[in-house]
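Notes follow once the structure below has been shown.
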Amino acid sequence: MGLIDFAVKRWQITLVFFALLFAIGLSAFLTIPRSVDPHFPSPFINIVATVPGAEPSDMETTIAKPIEDVLQGLDGIVRVQSRSTDSTAVITAEFSWSGDPEKNYDEVVREVNAIRNSLPPALSRLEFQKTRTTEAAVVQFALVSDTASYRRLEKIAKDLRERLNRVPGVRNTRAWAIPTPEVTIAIDSGRLAQLGIPVTAVTDALRQGSTDLPPGAVHSGDQRLNVQAGGAFRSVAEVADEPIRAANGTVLRVSDVAKVGWGYEEQPHYARYNGKRAVWVTLTQKDGLNVLDIRNGAIAAADEYRKLLPPDVKLEVGFDQSFDIARKLDQLGRDFAIALSLVLITLLPLGWRASIVVMVSVPLSLLMGVAVLAFFGFTLNQLAISGFIIALGLLVDDSIVVTENIARHLREGEDRVAAALSGTREIAVAVIGCTAVLLFAFLPLAFLPEGAGKFTRSLPVAVLGTVAASLLVSLTIVPFLASRILPQHEPAHGNRFLQAIQNGIQRFYAPTLHWSLTNPLKAMLAATLIVVSSFALIPFIGSSLFPPADASYFLVTVTAPEGAAITQTDRAVRFVEQATRGEPDVTDVLANVGRGNPQIFYNQRSFDQRSSIGEVLVNLKEWDSVRGPALVDRLRKRFEASPDAQFVLKVFQNGPPVDAPILVKVTGPDLDVLKRLAGEVETVMRAVPGTRDVVNPVAVDQPRLDLGLDAGKAALLGIQPGAPRRALRLALAGENAGRLRDREGDSYNVVVRLPLEGRHAISALDDVFVPSAGGAISLRQIATPHLDSAPPRINRERQQRIVSIQSQVAPNFLTAKVNTAVFAAIKSIKLPEGYRFEVGGEAEVAARSFGGLGPIIAIAIFGILGVLVVEFGRFRETIVVAGVIPLGLFGGLVALFLTGNSLSYTAVIGFVALIGIEIKNSILLVDFTTQLRKQGVPLREAIERAGEVRFLPVLLTSVTAIGGLLPLALSGSGLYSPLAWVIIGGLVSSTLLSRIVTPVMYLLIVRGHDSVPS
């Protein structure tokens, strides 16, 4: 007993089995994690090193280069990049996407820690950061107060973080824009000079006095006593009372030469929420969990904590990822409902009973598809839901074909059980072949390389799981239900809808097919000309990688002139705040001065922390496809009118991280030559139509003050080598001289420095004294200060220096065309020996992403051909079926051109999927033609009869697929609309043209060969 007979005759087991599958799928649907974008690990590992006060050249030489050297030798490394700026170096190790991210992270940590002792002693922070899509903040809270001290806000933020950390699923929490509290020893340099005491004596005394060395224990009889002999300071009074030296019976204490109290380090980052001073608290989630559950838990914890806050501190939700998630998932859910309704309408020709049989396959197949998605660890994200919507138009195909064939057997007079068995057996091979072809079309898409492949992987997995489930349903539960639900006696010509279609077939299609078979060469020539003409549209369509994300928020980055104080940057940021808060669609404005906003999007991250940069996050009520771009254009024009800074408005982009759409890399050894070449590239780039917001990071050097220390004079005055630099660093940047541990267990640095009122004025240099053999000497005696300049940053890639000049793309311009024009224009720049230009930005990422599509497309095509050869047993029928492929390309290209979409990454995925979908329809015709020939029907008659009989199921399957995809296409999403339009256009053209081309090809190729495949 075969599978079909078993399903129909042992129907009790069939029902129990599918009830079990339904329950598993429903459980998976209720428990699968939800998210907007897919969760997957990234092969990028960042090492952030901080040396306070160090210049970019020092950071490059002492930090970046040694770390690059050890990383370059690791297995699986693709490239190493570094960015050296004031006090900070960020080294990024990029590994292969096929490697193990956890193993790579462990190797990086091990190798860098192995050289930790050879790095500068002043290195204050060495942090290793993984890159995940879940590193984006789920919620960004704002603690808002214009009056509370930063120490109070730091305590409140700490308490809030502790509560948030207890929420299930929270990976990490962090507070931002809070200056680090410290116990400040504000030295009186004049008093120290008067006493002849170098400032280093203060730091040495504090460091030795706060050393945490437990002395051990003693015993008194049977009692063991731990000995307490000081250690870390417990109060500010203890710090002030620490002795520095004793002479003539008196003790000189820290409080005699310095003011001791609570203070802060120089604040590098300020934040405001809707114009009011704020600090941020962000939380990130663990992988593979439901972001909505985590968000709800975090909001509940915050609501409880809000009741405990003092009246002068407000707790606000500055950014909530769930708004975007809910909006996109609701939109996709609405699209799904519309698609389901359209599919129902297309089933009317089958009759309401047959429609019920077919529609049973929808929930069963979809729930089984969700179970497959959950089993492989994917989340229910916008790509996965798009896959289910695509599958919705495909999963009913098998059931339609089986049900329609059973109904035809009923019309021919068979009883219901016999019709169910014979009708299903007759079409089973074709259905299996069709589904196998479709699976082979989508299977390679699940193995696309690089980050783009990881990003889109849940889409083909959703389609594969659902379509495979639909095959099982169509060969088991569908024939059983048909044997019970379909009417015992079908009208000979079906219902009125079916009769109308059949009349149309006889009136229009049959004569056209008859003429084409009579004039096959003319018909083929006409079809060839139609298809070839579509390729002329490709230059007008253009190409791109991934579209904007349609997120209801955007960023405005602010870059003040190099060397600008944070006060100047703050004025530019306030200008952005005022410009955006007046817009009716804007709900919240989150401003950052001195660094970027915390990461809120999976592929956008900023490590820069400089006084000349700022960033403003603007939240909208929603992203409207008309008002949104208009708002962006209006703000850009307003920003261009301001001379205070450079403003770049960034709309978030889907796909792998891209620094900028257009990016030119200039590589070479000498910084001065690189600066000159970068300036020439910037000039040329600005002149290319379509470029906007051109950024040259080395256009202006950073001003600096060179003290001009006289080493010879210092030696004559008895000053030890290096003593002036240590004294200067201690006075300005401060030197950590111990730790204070309060009653709550919190630990703070004890820092010796000159009095700091926000920041040091240049006059502070007059208060610096250097220890010498004869006492303390003013720094002015051995220094001749003068202004100088230096590069603001030094970037390196693959162990060579590089400068990246980048540009955004103006509206109504295609990135690929602008990029081609830019690189054509820079060919006029003469390059010295050892220097070269390289492509970066979107073009570089696209080359790596599309570069893996060639083998994928080849695997799909040859896999499909293999299935066809297995099904038909020879190449003639295989060639006839495969001949339908160019017909779909014609419709897909025309659809992209008419809708204004470019040939994006998802559009290419649509073309690959289209191959399997259109071949699926062609199989039905060729398979039935072959069956008729086996029954002794002449070739010409078999072709015409098969064309007329199979026209209805092909039409229904195509229309249901189009109906399922139409809501996606009309949604306007730049991510999945191009994919949907490609498949819709391809199905329209292939359905219409293949009804003529496939029979004509069959006639031309098979004619003269009377043998029929067994």
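Table: residues versus (1) in the same structural domain as GLY216 (by TED's automatic domain parsing); (2) in contact (Cβ under 8 Å) with a residue 40 or more places away in the chain; (3) surrounded by 12 or more Cβ atoms within 10 Å (Cβ to Cβ); (4) of a type outside the set (Val, Ile, Thr).
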site	(1), (2), (3), (4)
VAL236	yes, yes, yes, no
ASP241	yes, no, yes, yes
ARG245	yes, yes, yes, yes
GLY249	yes, no, no, yes
ASP256	yes, yes, yes, yes
VAL260	yes, yes, yes, no
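So, VAL108, is that one closer than 30 Å to ARG793 by Cα and either among the hydrophobic types (A, V, I, L, M, F, W, C) or without any contact (Cβ under 8 Å) to a residue 12 or more places away in the chain (or both) or not?
Against the criterion (closer than 30 Å to ARG793 by Cα and either among the hydrophobic types (A, V, I, L, M, F, W, C) or without any contact (Cβ under 8 Å) to a residue 12 or more places away in the chain (or both)), VAL108 qualifies.
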Taking the stated definitions as given, is PRO721 in a loop (DSSP other than H, G, I, E, B) and either buried (at least 18 other Cβ atoms within 10 Å of the Cβ) or touching a strand residue (DSSP E or B) at 6+ places or on another chain (Cβ under 8 Å) (or both)? no
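In segment 593-610, what residues are touching a residue at least 12 places away in the same chain (Cβ under 8 Å) and touching a Gly at 6+ places or on another chain (Cβ under 6 Å)? Spell out how you get there, then give the answer.
If we filter segment 593-610 for residues that are touching a residue at least 12 places away in the same chain (Cβ under 8 Å), which is where we start, we get 593-605, 607-610.
The one that is touching a residue at least 12 places away in the same chain (Cβ under 8 Å) and touching a Gly at 6+ places or on another chain (Cβ under 6 Å): VAL593.
Quick one: count up the residues across segment 657-673 that are assigned to a loop (DSSP other than H, G, I, E, B) and either acidic (Asp, Glu) or more than 25 Å from VAL616 (Cβ to Cβ) (or both).
4
When the residues of segment 796-813 are filtered to those that are out of contact with any helix residue (DSSP H, G or I) (no Cβ under 9 Å at 6 or more places or on another chain) and in contact (Cβ under 8 Å) with a residue 12 or more places away in the chain, which remaining residue is surrounded by the fewest Cβ atoms within 10 Å (Cβ to Cβ)?
GLN800
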For segment 438-456, does any single residue satisfy the condition of being under 26 Å from VAL988 (Cα atoms), at pLDDT below 85 and hydroxyl-bearing (Ser, Thr, Tyr)? yes
Which residues, counting only those in segment 594-628, are more than 17 Å from ALA175 (Cα to Cα), surrounded by fewer than 20 Cβ atoms within 10 Å (Cβ to Cβ) and hydroxyl-bearing (Ser, Thr, Tyr)? SER625
Among strands (runs of 3 or more DSSP E) lying entirely in segment 135-226, which contain 3 or more residues that are at pLDDT below 80 and not hydroxyl-bearing (Ser, Thr, Tyr)? 217-220, 223-226
For the structure I just gave you, tell me whether ARG207 is in contact (Cβ under 8 Å) with a residue 12 or more places away in the chain and among the basic types (Lys, Arg). yes
For segment 71-106, give me each residue that is in a helix (DSSP H, G or I) and surrounded by fewer than 18 Cβ atoms within 10 Å (Cβ to Cβ). GLN72, GLU102, LYS103, ASP106
Looking at segment 911-930, is at least one residue touching a strand residue (DSSP E or B) at 6+ places or on another chain (Cβ under 6 Å) and either assigned to a helix (DSSP H, G or I) or closer than 22 Å to PHE813 by Cβ (or both)? no
If you take the residues in segment 604-650 that are more than 22 Å from ALA810 (Cβ to Cβ) and part of a loop (DSSP other than H, G, I, E, B), which one is modelled with the lowest pLDDT? PHE607
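Would you say VAL681 is under 24 Å from the mean Cα position of the chain (by Cα), crowded, with 21+ Cβ neighbours inside 10 Å and of a type in the set (A, V, I, L, M, F, W, C)?
No; evaluated as a whole, the condition is false for this residue.
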Tell me yes or no: at least one residue of segment 45-55 is at negative phi, free of Cβ contacts under 8 Å to residues at least 60 places away in the same chain and not hydrophobic (A, V, I, L, M, F, W, C). no
Answer residue from segment 125-169, given it is exposed (fewer than 15 other Cβ atoms within 10 Å of the Cβ) and among the polar types (S, T, N, Q) and is nearest to ILE299 (Cα to Cα) among those: ASN165
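The values are calculated or read from the model by the stated rules, or taken from the named source; none is laboratory data. Because the structure is predicted, anything quoted here is derived from the model rather than measured. So basically every Cβ, Gly included, is an ideal-geometry build from the backbone, and we count neighbours across all protein chains shown.
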